[in-house]
Amino acid sequence: MSKIAFKPEEATDALKEFAGQIVGTDYSEEPFGMKGAPDIKRTGKVLCVQIRTDAYEKLQLEWYPPSRVKKTKKERGHQFEDFVAAYFTGYLEAIIDGEGTITLTTVKDGTSRFPYRFVPLVSVSNDNLELLERLKSWCGGHICERSDKKEHYRWYMTREAMRVILPNLYLIAKWYQKDLLLEALDILNCRGPCMTEAKFSRLVEIKKVINMLNTSKGHSSFVKWLYFIEALNTTGAMRDISIAGKDDEERMQSLAKSLLGMTFRFEEQGFESLVRVKGGDFKKFTMLVPVEYLGKKPIEPVPEVRQATIGEVAEKPTGGID
């Protein structure tokens with residue numbers, strides 16, 4: 001059983017589950033003045049949240065170092081149905097994970113009742129045209145020369161190829177983006193009247209989550225960030241979150257600000273990282289993750305009790321025994 005303490009002599013068993021409101025956020029190198037934690041020292045800026053709960057007298061803290069790493073080791077599944085050999089699968093996985101982009105974009109649409117339509121996108125950028133021509137010969141698609149860089153090219157996968165190929169790829173850095181894009185592809189199978197407000201809203205959320213994952217930076221050994229973003233998406237909280245901004249820094253600050261006031265049921269869960277320990281198993285760790293979104297409401301101020309300083313004259317008590 002893990003312990004939580006606000007003073008060394010006040011250690012108590014930490015609760016595995018409780019409801020709490022996020023009343024403070026800080027995205028910085030030393031959030032709320034914290035120093036010394038290994039994943040804070042090694043990852044640079046960290047998103048930290050303060051949680052107010054009836055479970056503890058003081059605010060509970062949890063931090064999530066941004067990372068885009070696969071959360072657990074899964075079995076490889078190189079099973080294409082009469083498509084390509086296993087070597088191609090491994091090559092394609094590596095090039096998409098390293099040089100590729102998986103995202104969901106939007107374009108204005110004046111032909112429907114919705115303001116824009118969604119376009120799933122899988123692409124690979126490189127200055128080696130021969131490499132991209134090989135991808136095109138394997139998967140189809142088309143190649144464009146990037147206007148912002150001289151002699152730099154980008155290959156785009158077709159939507160049909162996405163449906164056939166992506167489910168069979170084992171990605172490490174972009175596994176969650178892949179899963180979200182496949183969900184978007186299923187929704188986009190319907191057109192015209194079958195595109196409902198609920199489906200459109202879900203596509204908006206998927207786009208927001210993918211953008212957040214593509215924005216984040218981090219180290220391969222830390223996976224808290226991915227679990228946190230996945231939890232926000234699963235609980236439905238992403239609909240109340242903003243990631244506006246012109247660069248990564250502004251988008252992270254926007255996310256931190258929009259978390260304020262959100263109330264969740266938190267749960268301490270065990271996870272695996274990509275760091276191996278003796279014996280070959282993956283290193284285990286625990287963290288607080290949101291498991292149920294309870295809504296967003298204004299943060300109620302808590303009156304502060306001022307601590308008297310040394311030498312300060314105390315106020316004369318009123319009443320009492322003379």
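In the list 300, 267, 250, 304, which residue meets the criterion of being at pLDDT 75 or above and either touching a Pro at 6+ places or on another chain (Cβ under 7 Å) or part of a loop (DSSP other than H, G, I, E, B) (or both)?
One residue alone meets the criteria, 300.
Counting residues that are at negative phi and modelled with pLDDT of 85 or more, which strands (runs of 3 or more DSSP E) fully inside the range 16-83 reach at least 2?
17-28, 46-52
Sort out which residues of the range 124-148 are in contact with an Asp or Glu (Cβ under 9 Å, 6 or more places away or on another chain) and closer than 30 Å to residue 194 by Cα, and write them in order of number.
Across the range 124-148, the qualifying residue is only 140.
Out of the residues in the range 211-240 meeting the condition of being of a type in the set (D, E, K, R) and over 16 Å from residue 27 (Cα atoms), tell me which one is modelled with the highest pLDDT.
Ranking the qualifying residues of the range 211-240, first place goes to 240.
Output the residues belonging to the range 109-125 that are under 20 Å from residue 205 (Cβ atoms) and in a strand (DSSP E or B).
Hits for the range 109-125 are 116, 117, 118, 119, 120, 121, 122.
Step by step: first the residues of the range 238-247, then only those that are assigned to a helix (DSSP H, G or I) and over 12 Å from the mean Cα position of the chain (by Cα), then the one that is farthest from residue 208 (Cα to Cα). Which residue is that?
Checked the range 238-247; the qualifying residue farthest from residue 208 (Cα to Cα) is 240.
In the range 270-297, which residues are of a type outside the set (D, E, K, R) and at pLDDT 90 or above?
Scanning the range 270-297 gives 290, 291, 293, 294, 295.
For residue 132, state whether it is farther than 23 Å from residue 210 by Cα and either at pLDDT 90 or above or crowded, with 16+ Cβ neighbours inside 10 Å (or both).
Answer is yes for this residue.
The values are calculated or read from the model by the stated rules, or taken from the named source; none is laboratory data. As the structure is a computational prediction, the values presented were derived from the model and not from experiment. Every residue, glycine among them, receives a Cβ derived from its backbone with ideal geometry; neighbour counts consider all protein chains shown.
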